[in-house]
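Data first, discussion second: the structure below is written as structure tokens.
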Amino acid sequence: MNLIPWGKAALPLLLAFLTSPALADPAALQGNQKLLRRQTVAPLPGGLDQILVVNDNNPELISGPGILLSTFPRQGRTNPGAHLDVALNGRFDLFSHHVFAGKTDSLDSTLWLGVLAAPRGPKPVNLRLIAGSTALSQSVDGIQPGAPFLPLPALMRQESVPVYSGPGSRVATELLMRQRGAPLPEGWTLPPGQATSLLMLPIPVRGLDPLLNGRNLQLRLESSGPISLATLAAFGENNTPPGPEVWRQLLEGDLSPKEHAPSPRGTKGPIVYSRVSGVQVGSTWTGRISDPGKAWLSASRAPISWPISSLERGSLGTGQVQTAELKAAYPATAWAAHGNYGIEYDLSLPLRNDLAVPVVLELALESPLKSDAPQNGLRFNSQPSKAVMFRGTVEVSGLDNGEGRSSGRQRFHLVERAGSQGPVLGQISLAPKAERLVRFRLIYPADATPPQVLSLLPVVKQSELSPADRP
């Protein structure tokens, strides 16, 4: 077996692969002093809805053709264990994220990602695409949308030309901006009795050094009746996609090899999260952040932070695990949707200044060092780390507009490193007894590593920052 050379061009993609929940431990940093910001860290109000999400992320690095994930019925199949047998009806989502490193005997190979669906009854089913986007790490033809890992600043305002770094960043940005990316259609009609090819998307490595490319795909779907859905990997001939019969034959075959078996649930000591290959319950986390028993959030609560995408061993002292549970999953893959990739967070903060003096607050999304036990605040690095923990876009309304009034909807692209404070998204100025509704939205991007926090910070009186005790 020939080894694939890793060159400088692949370092951003390789780092994104290595800093995933399955492999990375953000606390394992050297030569960087840890700082403690003393403050409140509270569980995030709200919760996930009950919408099913087909979460197709194991294997991430596809090593051969076969079924990636199938919700088709087991009965009558040649390989029943390759199918999860889950009916999808009404609203559901698809999240798919994979990497292809080329064939060892070819410099121009292309792997094709196929999405198939079929009705579960005797009647045709209409399948509508509510929103969706897909992107490669690197486009080799200028036609397929691409999103290379560009070295962007920590904070950039989203203007008329969108900003993104990496395919997960681009897809989450386009979904957050309510766009339908090319080359996705508006919908499909599924005839009964057979599987229909919805999409055939290439992951090419032609002309890349090293031979490495990835694709992220996210769809928000609604069906008029119960259906089954599957994602498959296949090789074509002369860079042309396989025909419908090839996909249907693959659907009767074996699984593409999985990777990264997880630690057992409840294990002590080091944990391997693994990657997800299953159907999760929950597409959107909706929450209204207020004081206990009240309809508003007091400005005097700052500094205070709430976890975003908290997970097992990473609750930041709140004890809250936001990870979506799985309705069905393959053996030796993740037992929960660690990271909540593709999930939308829609949060409202009904602020009220309950003090006798004006206050100015700051809103920030931050990447503190991962922890689970309470520590009287959040720990950060004194120097920037190389490990990027978040690449993506957030949407905020209710910040100051520069004239002391509330702004409309604004979007910002963030690149955050392990243990980074901020960046600050904007300020909120409140006179005594004044109120303002702030809304915060993000779609958790595939190229991020959880958890993050949404922070409300005072401007006048900053929280004490002191060297943290060494463990």
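Do the conditions hold for Pro162, that is, is it of a type outside the set (Val, Ile, Thr) and surrounded by fewer than 22 Cβ atoms within 10 Å (Cβ to Cβ)? Criteria met by Pro162. A single entry from Pro43, Pro124, Pro80 fulfils the requirement of being in the same structural domain as Leu311 (by TED's automatic domain parsing), more than 19 Å from the chain's Cα centre (by Cα) and not acidic (Asp, Glu): Pro43. Yes or no: the range 380-393 includes at least one residue that is outside any loop (DSSP other than H, G, I, E, B), more than 15 Å from Ala431 (Cα to Cα) and basic (Lys, Arg). For the range 380-393, residues outside any loop (DSSP other than H, G, I, E, B), more than 15 Å from Ala431 (Cα to Cα) and basic (Lys, Arg): present.
Here Gly342 fits the description: in a loop (DSSP other than H, G, I, E, B), over 18 Å from Glu435 (Cβ atoms) and touching a helix residue (DSSP H, G or I) at 6+ places or on another chain (Cβ under 9 Å). Close contacts from the range 254-267, counting a first residue that is on the phi > 0 side of the Ramachandran plot and of a type outside the set (A, V, I, L, M) and a second that is part of a loop (DSSP other than H, G, I, E, B) and surrounded by 17 or more Cβ atoms within 10 Å (Cβ to Cβ), with Cβ to Cβ under 6 Å and a gap of 6+ residues or different chains, come to His260/Ala22; His260/Ser274; His260/Arg275. Among all residues of the range 95-105, there is at least one that is in contact with a Gly (Cβ under 6 Å, 6 or more places away or on another chain), crowded, with 18+ Cβ neighbours inside 10 Å and modelled with pLDDT of 95 or more.
Residues that are part of a loop (DSSP other than H, G, I, E, B) and out of contact with any Leu (no Cβ under 6 Å at 6 or more places or on another chain) were ranked within the range 274-290; the one that is surrounded by the most Cβ atoms within 10 Å (Cβ to Cβ) is Val276. Against the conditions (1) in contact with a Leu (Cβ under 8 Å, 6 or more places away or on another chain); (2) part of a loop (DSSP other than H, G, I, E, B); (3) under 24 Å from Pro241 (Cα atoms), Asn58 satisfies every one except (1). Counting only residues that are β-branched (Val, Ile, Thr) and touching a Lys or Arg at 6+ places or on another chain (Cβ under 6 Å), which one in the range 106-145 is surrounded by the most Cβ atoms within 10 Å (Cβ to Cβ)? Looking at the filtered set, the residue picked out is Val140. Looking at Leu190, Leu221, Leu211, Leu229, just one residue is modelled with pLDDT of 95 or more, farther than 28 Å from Asn340 by Cβ and of a type in the set (A, V, I, L, M, F, W, C), and that residue is Leu190. The residues of the range 157-170 that are more than 19 Å from Tyr444 (Cβ to Cβ) and not acidic (Asp, Glu), listed by number, are Arg157, Ser160, Val161.
The residues of the range 167-186 include none that are crowded, with 24+ Cβ neighbours inside 10 Å and over 18 Å from the mean Cα position of the chain (by Cα).
The values are calculated or read from the model by the stated rules, or taken from the named source; none is laboratory data. Only a predicted model underlies this, so the values are computations on that prediction, with no experimental measurement involved. Virtual Cβ from ideal backbone geometry, glycine too; neighbours counted across all protein chains shown.
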